[in-house]
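Quick notes on the structure that follows.
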């Protein structure tokens, strides 16, 4: 049997086509390995002095609480935001007990309420890190058109408009510094629908595009020292979300450490926790319909457990 001769141009074309098709996957794999094995967090760059503060919204529990603990242990003074003074004071006692010598301030504001200007509340503070962490919702039991407009307004305010307005209010102050950091804690709900959560999911999608616009604005228009990152988040086990812990479900403390490790990794959007990154990659390999059905099934199972 005679060997089949392939023209040189056809072999080169095949090689080029294969390379182009595989390039996105290879690039993603290399970035994943760099992020989790080689990267060193750039967070220390934003600790400009002993007076540097990190403002964390939604810090009375869950991921926000864990982020506050991590930040104060890394030398930052912190401003804790929440709607319950009692809960914030509990977190303040926990942080004071760490013995870091850092200052803990409290800012009580209901993120679900219509926005009110912050005035000069933070003018005298050297805020170098803003963490937009506040978010979430109570799962509704009825369809979107049957949900209370006041409930929907609260969802949109909490998950979209509060971080939107707060970031805008602090940006002029942040731009005066040689370096500053704005982090947005996102949600996979902004990419895929969940049962009866149209208000929540669309708010998270809004937050993601807002973060991308802010990143581009600060780099290309303002030419400032403000860095912006959107941290895409899957399921995290907290006191209010008792997911079964697994390779793709970290605790709030584990997620907080991963989130701060991801600072300065080189992309405006990243999955800070490795398990969420693997899950996100797997979702791109299957049909959108399959992902939707899977999310629907998972959420309905959680609702049945609550009942």
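The values are calculated or read from the model by the stated rules, or taken from the named source; none is laboratory data. Bear in mind that the values here come from a model prediction, so they are computed numbers and not experimental data. Cβ: placed from backbone, ideal geometry, glycine included. Neighbour counts: every protein chain shown.
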Members of region 117-136 that are out of contact with any strand residue (DSSP E or B) (no Cβ under 8 Å at 6 or more places or on another chain) and closer than 29 Å to residue 239 by Cβ: 118, 136
Single condition residue 277 does not satisfy, out of (1) within 26 Å of residue 60 (Cβ to Cβ); (2) crowded, with 19+ Cβ neighbours inside 10 Å; (3) touching a residue at least 40 places away in the same chain (Cβ under 8 Å): (1)
In region 22-45, the residues that are surrounded by 15 or more Cβ atoms within 10 Å (Cβ to Cβ) and closer than 26 Å to residue 234 by Cβ: 31, 32, 35, 36, 39, 41, 42, 43
Verdict on residue 158 being within 17 Å of the chain's Cα centre (by Cα) and surrounded by 18 or more Cβ atoms within 10 Å (Cβ to Cβ): yes
Unmet criterion (only one of (1) free of Cβ contacts under 8 Å to residues at least 12 places away in the same chain; (2) farther than 19 Å from residue 215 by Cβ) for residue 172: (2)
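Residue-wise test of (1) under 30 Å from residue 126 (Cβ atoms); (2) surrounded by 11 or more Cβ atoms within 10 Å (Cβ to Cβ); (3) touching a helix residue (DSSP H, G or I) at 6+ places or on another chain (Cβ under 9 Å); (4) at pLDDT 95 or above.
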{"site": "16", "(1), (2), (3), (4)": "no, no, no, no"}
{"site": "20", "(1), (2), (3), (4)": "no, no, no, no"}
{"site": "48", "(1), (2), (3), (4)": "yes, yes, no, yes"}
{"site": "56", "(1), (2), (3), (4)": "yes, yes, yes, yes"}
Residues that are surrounded by fewer than 16 Cβ atoms within 10 Å (Cβ to Cβ) and in a loop (DSSP other than H, G, I, E, B), drawn from region 248-267: 266, 267
